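A short reminder: the numbers here are calculations on the coordinates, not readings from a lab. Bear in mind the structure is a predicted one, so any value in this text is a computation, not a measurement. Here the Cβ positions follow ideal geometry from the backbone for every residue, glycine too, while neighbour counts run over all protein chains shown.
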Amino acid sequence: MSQQPGQLTFVAPRRAKPARHLADLAMPDRRAAVAELGEKAFRADQLSRHYFERLNADVNAMTDLPAAARDKLSVLLPSLLTPVKELTTDGGTTRKTLWRLFDGALVESVLMRYPDRVTMCVSSQAGCGMNCPFCATGQAGLTRNMSTAEIVEQVVSGARALAAGEVPGGPGRVSNVVFMGMGEPLANYKQVIGAVRRFVEPAPHGLGISARGVTVSTVGLVPAIGKLADEGLPVTLALSLHAPDDELRDTLVPINTRWKVSEVLDAAWAYAAKTKRRISIEYALIKDINDQEWRADLLGKLIRNKLVHVNLIPLNPTPGSKWTASRPEDERAFVRRLEYHGVPVTVRDTRGREIDGACGQLAATE
Ligand code: SAH
């Protein structure tokens with residue numbers, strides 16, 4: 001399944017689909033699904049309350065439902081994710097879970113608890129077709145798209161662990177979701193939008209997470225960025241830029257051979273104008289590859305005076321890659337050049353490197 005350098009895969013291989021789940025459906029479709037099973041439509045609300053509010057998917061614990069209804073309705077709550085392995089670090093506040101999907105495909109998600117928030121980093125595809133050479137996920141190619149419910153279940157499982165007090169820091173809630181796990185979210189557009197809706201809709205429709213707490217990260221699929229802007233979902237858009245010039249970006253982010261730096265930035269500014277949300281530019285600093293001061297300067301000129309924030313990510317090592325993170329002095333110079341242009345910039349404190357759970361390290365091996 002591994003890809004040739006620069007090769008792009010947009011269409012996921014045809015595969016059997018995961019079972020339909022409550023979380024795949026908007027409320028009207030849930031009511032219809034419940035009616036099809038011969039139950040009163042209001043049972044959809046009860047079921048939703050159990051799942052999205054109490055985070056319970058075990059019908060036997062739903063004592064407000066008659067026993068016969070429980071049996072029938074259980075088909076709407078199939079088990080989609082099986083935990084295979086869990087690794088923790090940072091005293092238990094960072095945990096990476098490897099999941100097996102119904103067809104054996106493997107994906108990972110990462111929970112990160114900070115003093116003021118809890119972020120779930122989720123996968124949207126098993127593998128990825130975008131083939132960025134510095135990213136571990138990109139090296140394996142695309143296995144398949146995930147369903148809406150498979151994406152939602154990652155967050156529900158994290159929310160459950162938090163509610164049960166399993167994460168150090170006392171009982172808590174998921175406040176942020178970032179699509180920075182495996183996969184290119186905008187290449188699985190429909191399922192990802194469904195998941196975003198389930199995240200942001202208030203209970204019992206969804207999990208009630210604030211849209212500003214949800215970040216969709218993309219290599220820059222220009223038409224899909226335009227579509228996202230029209231959804232009326234003011235989520236944060238993160239753009240994985242990694243180079244300000246087409247010559248280098250063509251090699252680091254192969255989608256650039258299709259949509260150039262200027263086109264993807266224009267799409268980002270249009271997104272910001274429409275949603276009033278600040279664009280987050282992701283830039284992994286790779287020693288002697290993209291970390292020169294002149295590139296910081298060029299980047300600064302391209303994005304100054306825009307509604308933007310730059311997130312510099314010291315490159316996380318991936319197996320077989322010859323690249324490493326920038327020298328500290330080059331990182332500092334890069335930050336200074338951007339600040340000179342008045343561009344807000346932070347260096348991301350990357351979590352989970354010790355458990356191969358940091359950005360670009362998710363490869364889902366047992
Ligand atoms: N496909 C999407 C989302 C997944 S990657 C995207 O590319 O945006 C999430 C972030 O991690 C992206 O900004 C990606 O470029 C970055 N990343 C990938 N590999 C990395 C690595 N080895 N070190 C640091 N960041 C990396």
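Does the stretch 1-113 classify as rounded, prolate or oblate by the C-alpha gyration tensor (a ≥ b ≥ c root eigenvalues; a/c under 1.5 gives rounded; else a/b over b/c gives prolate, otherwise oblate)?
oblate
With coordinates expressed along the principal axes, the C-alpha atoms belonging to the stretch 153-304 extend over 49, 35, 25 Å, beginning with the largest.
Put in order of Cβ neighbour count within 10 Å, fewest first, the listed residues L362, L233 become L233, L362. Of the residues I193, S157, G226, the one whose Cα sits farthest towards the positive end of the charge dipole of the stretch 157-248 is S157 (charges of +1 on Lys and Arg Cβ, -1 on Asp and Glu Cβ, taken about the Cα centre). A cut-off under 10 angstrom between Cβ atoms defines the neighbours of N311, and their net charge, with Lys, Arg +1 and Asp, Glu -1, is 0. Relative to the compact-globule estimate of 2.2 N^0.38 Å, the Cα radius of gyration of the chain comes out at 1.00. For the chain, the longest principal axis of the Cα atoms and the long axis of helix 293-303 meet at an angle of about 60 degrees. For a test of the definition: using alpha carbon positions, the gyration tensor, and the 1.5 limit on a/c, classify the stretch 217-327 as rounded, prolate or oblate. Prolate shape, in that a/c is at least 1.5 and a/b is the bigger ratio. Helix 261-275 and the longest principal axis of the Cα set of the chain meet at an angle near 50°. Between 0 and 90 degrees, rounded to the nearest ten: what's the tilt of helix 27-36 against the longest Cα principal axis of the chain? That helix lies at roughly 40 degrees to the long axis. Farthest towards the positive end of the charge dipole of the chain, among the residues L248, P133, G38, is the Cα of G38, using unit charges on the Cβ of Lys, Arg, Asp and Glu.
Just need the relative contact order of the stretch 115-237 here, percent rounded to a whole number, with Cα pairs under 8 Å and 6+ apart.
On the way: 212 pairs, mean separation 32.1, N = 123.
Contact order relative to length: 26 percent.
Each part reduced to its alpha carbon centroid, the stretch 104-149 and the stretch 242-265 end up 22 Å apart.
How much net charge surrounds D356 when only other residues with a Cβ under 10 Å from its Cβ are counted (Lys, Arg +1; Asp, Glu -1)? My count for the surroundings of D356 gives 0. Residue exposure proxy: S157, S326, S109, ordered by other Cβ atoms within 10 angstrom of their Cβ from fewest to most, comes out as S157, S326, S109.
Electrostatic tally near D24: other residues with Cβ closer than 12 Å to its Cβ, Lys and Arg +1, Asp and Glu -1, net +3.
By the Cβ distance rule (another cysteine Cβ under 4.7 Å), the unpaired cysteines of the chain are C121, C128, C359.
Along each principal axis, taking the top coordinate minus the bottom one, the Cα set of the stretch 92-194 gives 39, 28, 24 Å in descending order. Using only alpha carbons, the stretch 303-366 has a radius of gyration to Kirkwood radius ratio (Rg to Rh) of 1.06.
From the square roots a ≥ b ≥ c of the eigenvalues of the alpha-carbon gyration tensor of the stretch 280-325, which class results: rounded (a/c under 1.5), prolate (a/b over b/c), or oblate? Can you show the working numbers first?
Details: a/c = 4.28, a/b = 1.88, b/c = 2.27.
Oblate shape, in that a/c is at least 1.5 and b/c is the bigger or equal ratio.
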